[in-house]
Amino acid sequence: MLRKDESGSDFYFTGQLLIAMPGMRDEQFYKTVIYICAHTDDGAMGLVLNQVIKGLSFPSLLEQLGIEEGANGRAVPIHFGGPVEAGRGFVLHSDDYQQDATLEVDGGVSLTATVDVLKAVARGRGPKQSLLALGYAGWGPGQLDDEIKANGWLQAPADMELIFDGDQATKWERSIEKIGIDPRMLSDEVGHA
């Protein structure tokens, strides 16, 4: 069941943050912040913003993909975007970089999933702000709404700082504080009062 906005139109979470509640039972999503890239009647797709894959560097990823351009010494963290298609790369980025395959999401944020964007980032000609992720989080029709109703997720407006800053350790807490909730007041227990 979709929510309705003030005009009575269907409300989707595209361009919003999903914040995992402390009682999230799926360890892959424990204390995650997800940026929703697409949400329609057919389902939803998003990228986890605050989990970096350890042991995988940008230069080694470029080498695995056969991309000759080096990373010019840039330290580009590679995020765990979610468990779906974990070998597929996505670049969430500022809208100053566009190509035919770029999806304009919302509020100055775009998504590109081609090798060309990786080449541009490696050459220093990519977007000013970007987040590289492997895999994505996905939901089937109605699944995300059901998880929200079951108190699995909080929703918050997104902003460029929360999306692109490198402070992964506090992104979950800062996202919750953004909607006026003290994270220490949230219970790890699942259920209803």
Exercise. Using the per-residue mean of other Cβ atoms lying within 10 Å as a proxy for protection, in what order, highest first, do the peptides 24-32, 48-56, 109-117 fall?
Worked result: 109-117, 48-56, 24-32
Problem set entry | Part-to-part distance (alpha-carbon centres) for segment 120-167 and segment 16-75, which is given in Å | 7 Å
Exercise. Build a GNM of the chain with springs between Cα atoms under 10 Å: which of ASP167, ASP145, ASP159 gets the top mean-square fluctuation?
Worked result: ASP167
For this session: Below 19 Å Cα-Cα, how many Lys pairs turn up in segment 3-185? Only count pairs eight or more apart in sequence, or on different chains, if you could.
Result: 7
Exercise. Which value in nm describes the separation of the simple spin-label points at ASP146 and ASP26, placed 7 Å from the Cα toward the beta carbon?
Worked result: 1.2 nm
Exercise. What 222 nm value per residue comes from the helices of the chain, counting each DSSP H run with n ≥ 4 as -39,500 (n - 2.57) and dividing by all residues, nearest 500 deg cm²/dmol?
Worked result: -4500 deg cm²/dmol
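With an 8 Å Cα cut-off and a minimum separation of 6 or more residues, compute the relative contact order for segment 3-185 in percent.
Contact order relative to length: 27 percent.
Read-outs: derived from the displayed coordinates by stated rules, not from any lab. All figures in this text were calculated on a predicted structure; none of them were measured in a lab. Cβ sites come from the backbone with ideal geometry, for glycine too, and all protein chains shown count toward neighbours.
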